[in-house]
Amino acid sequence: MDDISNNRRIAKNTLLLYFRMLVQMLVSLYTSRVVLSTLGIADFGIYNVVGGVVAMFSFINNAMASSSQRYLTFELGRGNHSRLHSAFCTSVNIHLLISIIILFFSQTIGLWFLNSYMVIPVARFDAAIWVFQMSVLSTVFAMLAIPFIATIVAHEKMSAFAYISIFEVLMKLVIVYILWVSEIDKLKLYSILMFCVQLLVCLIYRTYCKKNFAECKYELIYDKQLFREMSGFASWNLWGSMSAVAFTQGLNILLNLFFGPVVNAARAIAVQVQNAIQGFVSNFQMAINPQITKKYAMGDMEQMHSLVFASGRYSFFLLFLFALPIFIEINPVLVFWLGIVPDHTVGFVRLILCIMLVDTLANPLIVAAQATGRIKVYQSVVGGLLLLIVPVAYVVLKMGGDPESVFWVHFIVAVLAQLVRLLMIRPMIGLSLRRYFFEVIMKVVTVAIVSSAFPFLLHGVLSEGFFAFLLVCVVSFCSVLSTIFMLGLSGRERKLVVEKLFLLRQKVIRR
């Protein structure tokens, strides 16, 4: 019954996170358009360039969130409430320290760089300072909110996380209205209001956690050993995050140096497509990740391995369900969306989709490695391997490679990194490589090959047009779903799906 309860919780949390993602996506599409027209191109550009300090620190937030969530989830899984309270207080202390460091460097090096090097119209420099300071404060409060968000995720209270996130995006709709009716300097007002939303959200997370979780009553606790453990874990996570940022931005710079800004525009479009699709998988993984850590903390390695295998398979299937029709029909999609499609965009999107399919298998292994707490060697090796993408891509470009070649390099290194992860994680959690190969690799490869055959054949024989586009997308969707059911699921999983569909049918009939 415990496993059934866990599965129901994962399913419920996944649906809540999808609802959150849908609301965020719709509001973001609307607000970005209105904010651009309200601020104007110049002020919108100033906000994004100067306010980029938030994006610059995002990799720190990600690393710290992983660290806090791992330790809180681990102690929650063990049922050690005293240690859980210490882990929360230590997490708050670490984030306070990082916030002070961010404030120091932003008010020294940050202001110096803003004054000395950034190209901003003199008439708008005062507004740019406001944007900078509000962005710094927003970053600080986003950092201070991390221990509370990590606690909510560790307890798997995704309903609270989803509703607070939806409240945040709805507040941004209110900001759009205030901007529209206000006569105050709109750039200054926008930066102040965005900070106020971040402050309010941080306070809501804090209030919710203090009310619902006993461990969130902060005390000035200094556990030297725990502080060292969590700081070290976060530092090595930070190395992994920095590696990802380095090769991502490094490839962007290489494309600019060798081919110019037009190719950068093509990559930016491909990344937007990537982000849109990635949300469908990341929400499912966010719902299942705490269970992987808890099973490790409880010493239930068999269930942990089953969750790692299931997370890898289901994540791949979910991504492939959307990736296949986009891969095949990306050209008409881009033409409809953009009108004019920059050269290389189609190739970039297809290669990025392939990289995403490899990376989606990596997430459960990464979570499993983090659950052990022993990530120093793992992050050093895998992070170092990923950093090779940029120098190898540079050599390929110097040898005459085309823009797509950098993504081929990325894809090959991603496959190698996945093999290295498996070899390193096997002794860490006692993972069976043979079982992983047959339960994950064989199933996802089989589903990918078999389900792709007919849609590609159909695409090849049909002439271009809306009907052909619609037919290929529908056939792709049905082909992937049917192949997953027949070849991707185990007999027990197929039986469970049939039972759920039968119960759903009975409910519909009764109504």
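Residues in segment 271-318 that are free of Cβ contacts under 8 Å to residues at least 60 places away in the same chain, part of a helix (DSSP H, G or I) and of a type in the set (D, E, K, R): Glu302 alone. The single condition among (1) open to solvent by 50 Å² or more (accessible area, probe 1.4 Å); (2) more than 18 Å from Gln285 (Cβ to Cβ) that Ala393 does not meet is (1). If the Cβ limit is 9 Å and pairs must be 6+ apart or interchain, which residue in segment 436-453 that is under 10 Å from Val480 (Cβ atoms) and in contact (Cβ under 8 Å) with a residue 60 or more places away in the chain pairs with which residue that is of a type in the set (Gly, Ala, Ser) and surrounded by fewer than 19 Cβ atoms within 10 Å (Cβ to Cβ)? So the pair list comes out as Ser451/Ser482. Tallying residues that are surrounded by fewer than 20 Cβ atoms within 10 Å (Cβ to Cβ) and of a type in the set (S, T, N, Q) within segment 59-82 yields 4.
Among the listed residues Leu111, Leu96, identify the single one that is in contact (Cβ under 8 Å) with a residue 40 or more places away in the chain, surrounded by fewer than 17 Cβ atoms within 10 Å (Cβ to Cβ) and out of contact with any His (no Cβ under 7 Å at 6 or more places or on another chain).
Leu96
Residues in segment 164-196 that are of a type in the set (Phe, Trp, Tyr) and in contact with a helix residue (DSSP H, G or I) (Cβ under 8 Å, 6 or more places away or on another chain): Phe167, Trp180, Tyr190, Phe195.
A quick yes/no check of all residues on (1) under 20 Å from Leu470 (Cβ atoms); (2) of a type in the set (A, V, I, L, M, F, W, C); (3) in a loop (DSSP other than H, G, I, E, B):
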site	(1), (2), (3)
Ile269	no, yes, no
Phe322	yes, yes, no
Gly347	no, no, no
Ile355	no, yes, no
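Only one entry of Leu199, Leu173, Leu193 meets the criterion of being at pLDDT 90 or above, open to solvent by 40 Å² or more (accessible area, probe 1.4 Å) and within 27 Å of Leu26 (Cα to Cα), and that entry is Leu199. Here the condition is being touching a residue at least 12 places away in the same chain (Cβ under 8 Å), of a type in the set (Asp, Glu), closer than 17 Å to Ser138 by Cβ and part of a helix (DSSP H, G or I); of Glu215, Glu168, it holds for Glu168 alone. Checked against the criterion of being modelled with pLDDT of 80 or more, within 24 Å of Ile352 (Cα to Cα) and either out of contact with any His (no Cβ under 6 Å at 6 or more places or on another chain) or of a type in the set (Asp, Glu) (or both), segment 299-309 contains one or more residues that satisfy it.
Screening the candidates Glu219, Glu229 for the property of being among the acidic types (Asp, Glu), within 30 Å of Arg374 (Cβ to Cβ) and surrounded by 14 or more Cβ atoms within 10 Å (Cβ to Cβ) yields one hit, Glu229. Go through segment 286-320 and give me each residue that's buried (at least 21 other Cβ atoms within 10 Å of the Cβ) and of a type in the set (S, T, N, Q). Selection gives Asn289, Gln291, Thr293, Ser311, Ser315. In segment 367-390, the residue that is surrounded by the fewest Cβ atoms within 10 Å (Cβ to Cβ) out of those that are β-branched (Val, Ile, Thr) and closer than 15 Å to Ile253 by Cβ is Val390.
Within segment 351-378, residues that are at positive phi have Cβ atoms under 8 Å from residues that are among the charged types (D, E, K, R) and open to solvent by less than 30 Å² (accessible area, probe 1.4 Å) in these pairs: Gly373/Arg70, counting only partners at least 6 apart in sequence or on another chain. Among the residues making up segment 112-162, those that are small (Gly, Ala, Ser) and within 30 Å of the chain's Cα centre (by Cα) are Ala128, Ser135, Ser138, Ala142, Ala145, Ala150, Ala154, Ser159, Ala160, Ala162.
Give the residue that is modelled with the highest pLDDT, with candidates limited to residues of segment 232-263 that are over 22 Å from the mean Cα position of the chain (by Cα) and open to solvent by 50 Å² or more (accessible area, probe 1.4 Å).
Within segment 232-263, the subset over 22 Å from the mean Cα position of the chain (by Cα) is 232, 253-263.
Next, from what is left, pick out any that are open to solvent by 50 Å² or more (accessible area, probe 1.4 Å): 253, 256-259, 261-262.
On the way: Ile253: 78, Asn256: 78, Leu257: 79, Phe258: 85, Phe259: 82, Pro261: 70, Val262: 74.
For segment 232-263, the residue satisfying everything is Phe258.
The values are calculated or read from the model by the stated rules, or taken from the named source; none is laboratory data. This is a predicted model, so every value here is computed, not measured. Glycine gets a Cβ as well: all are built from the backbone with ideal geometry, and neighbour counts include every protein chain shown. Ligands, DNA and RNA are stripped out before the accessible areas are found, and what is left, the full protein with its side chains, is counted by its heavy atoms. Shrake-Rupley method; radii C 1.70, N 1.55, O 1.52, S 1.80 Å.
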